[in-house]
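Worksheet: the structure to be examined is printed underneath.
The numbers here are math on the coordinates, done by the rules we state, and not lab data. Computed from a prediction, not measured in an experiment: that's the story for all the values here. Here the Cβ positions follow ideal geometry from the backbone for every residue, glycine too, while neighbour counts run over all protein chains shown.
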Amino acid sequence: MIQDTLGAPLTLPNGQVVPNRLLKSAMSETIGPLDNRVPETMKTLYGRWADGGIGLSVTGNVMIDRQALGEPGNVAIEDDRDLDELKLVAQAGKRAGGLIYVQLNHPGRQVPRFLNEDAVAPSAVPFGPKMASSMAISRALTDAEIEDIVQRFATAAHVCEQAGFDGVQIHGAHGYLVGQFLSPLTNQRTDRWGGTEDHRRRFPLAVARAIRAATGDGFGMAIKINSADFQRGGTSEDESMRSIQALAAEGMDFIEVSGGTYEAPAMMGARKKSTVEREAYFLEFAEKLRSSLQVPLCVTGGFRSGAAMAAAIDSGAVDMVGIARTVAVDPDFPNRLLNDGDVRVEIVPRKTGIGPIDAIGILDLIWYERQIKRMSEGRDPIPDEHPIWTALGVLKTHGFDAFRSRRAR
Ligand SMILES: Cc1cc2nc3c(=O)[nH]c(=O)nc-3n(C[C@H](O)[C@H](O)[C@H](O)COP(=O)(O)O)c2cc1C
């Protein structure tokens, strides 16, 4: 039965027990104030998802450096200034028996120009013509700056542990800094951080080791990573498999597989029709990876029905399924899956029907952020809310600029 498969507990390598197989994948909340501190509304949001029955919640990406935000409204953890608020978020996220991990991120080059004019990256590689005008121009990091960023990941993880979170997840997917180091397209360094495949892998391995050194034994560490970048010259499936094995050896408690970058957004379904129909965009990759990996595996992207989720787990390819947009529309979806099994949430493109606005692209994403914001304010999402309200809301708050490539998920 679907309910039995999805409701089976899972023990992670660190001994933590996830009460079911449903993982809420990271969704940037974009509810932080201008000083990037932890808002009170974050507690309400994670309490809402906890009450909905999710087994393991991963927060939206939290930045490790206030000078390097990925999008407006990010929360940043640089030290313990928000420890009290973070404790409340952790408590709320666990109040129904599930686990909560914080996703840690540095955007590197993948940042809109209006947000950061001094973006840093492994190498100064410009974006292609479609995005070049809206994205920041980045410069290459120095060796000392790279070491500083590694330590920032560790500091943030230590603060998360103090606050009572169950673990942290390194955001190694979707073309952000960790992914930029891994990719031969964006990492053209010739020092110890680039050149060969092993050298490109040094940064994520260093981050993982630093987090392990800064946190206690039972604290969880995970990574979300691309199956592939789906970009010519980017990280391939074969190389990604080898990276995942190397990272697993650093003591990951689970690995979440996604794919794509800002320039090739495979994580949102921009892929083969057959893969989308099958619901799980990256399941084939997980199937290939499974035999060489002992660490619990999760695949995210495309799941809409209990039947497809249970089939993915029953196939033995994955241990957990990651869901994002469905729980932004219906935070009680996990409980409905666990009680009734054969239920689904449809995800439709959010279009206004007004050509020039829809052509701008990220309206869809902002529509979901709007539902997340509603939940953070103690309200219910509106699953059929007309996207025109999103468009008008954005124009009112940010003007036309906000529609430009604002973030990459
Ligand atoms: C509003 C929104 C924000 C997102 N923010 C993040 C993020 O901060 N970190 C991340 O790894 N993925 C992020 N994602 C991607 C999701 O975690 C997930 O990989 C993607 O939505 C595909 O899963 P789904 O088909 O279940 O929605 C975001 C997605 C949405 C819709």
| field | Gaussian network model of the chain, Cα within-10 Å springs - most flexible of 149, 100, 372 | value | 149
| task | List, in order, the whole-Hz ³J(HN,Hα) value for each residue of segment 350-358 obtained from phi through the Karplus relation with A = 6.51, B = -1.76, C = 1.60 and θ = phi - 60°; use x for Gly and Pro. | result | 9, 10, 7, x, 9, x, x, 6, 5
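Taking every DSSP beta bridge that has both residues in segment 2-349, what percent is antiparallel when rounded to the nearest 5? Please list the in-between numbers first.
Details: 5 of 40 bridges.
Restricted to segment 2-349, the bridges split so that about 10 percent are antiparallel.
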| Along the Cα-to-C-beta direction of residue 83, a point sits 7 Å from the Cα; which residues of segment 142-171 have their amide N less than 15 Å from that point? | 155-165
| query | What percent do you get for the relative contact order of segment 2-349 when only Cα pairs under 8 Å and 6+ apart count? | reply | 17
| message | Which one, 193, 115, 129, projects farthest toward the positive side of the charge dipole computed for the chain from Cβ point charges (K/R +1, D/E -1)? | response | 129
| With each label point set 7 Å from Cα along the Cα-Cβ vector, what nm distance links residue 232 and residue 1? | 5.3
| Which cross-chain or sequence-distant (5 or more) residues have an amide H under 5 Å from the amide H of residue 258, H modelled 1.01 Å from N in plane? | 225, 226, 227
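For the pairs 87/396; 43/224; 87/288, flag any whose C-alpha to C-alpha distance is greater than 32 Å. Walk me through the numbers on the way to the answer.
Numbers: 87/396 34 Å; 43/224 23 Å; 87/288 39 Å.
Beyond 32 Å between Cα atoms: 87/396; 87/288.
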| field | Of 224, 94, 288, the one that fluctuates the most in a GNM where the chain has Cα springs shorter than 10 Å | value | 288
| said: Cut-off 10 angstrom, C-alpha nodes, Gaussian network model of the chain. Which of 339, 74, 116 fluctuates the most? | reply: 339
| Span per principal axis, largest first, for the Cα atoms of segment 2-349 (Å) | 53, 46, 39
| remark: Listing 177, 104, 10 by rising number of other beta-carbon atoms within 10 angstrom, fewest first, gives 10, 104, 177
| note | The set of residues whose placed amide H lies less than 5 Å from the amide H of residue 62, leaving out same-chain residues fewer than 5 positions away, is 103, 104, 105
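Mind sorting 147, 237 by how few other Cβ atoms lie within 10 Å of their own Cβ, fewest first? Mind dumping the intermediate values first?
Working: 147 13, 237 17.
Lowest count first: 147, 237.
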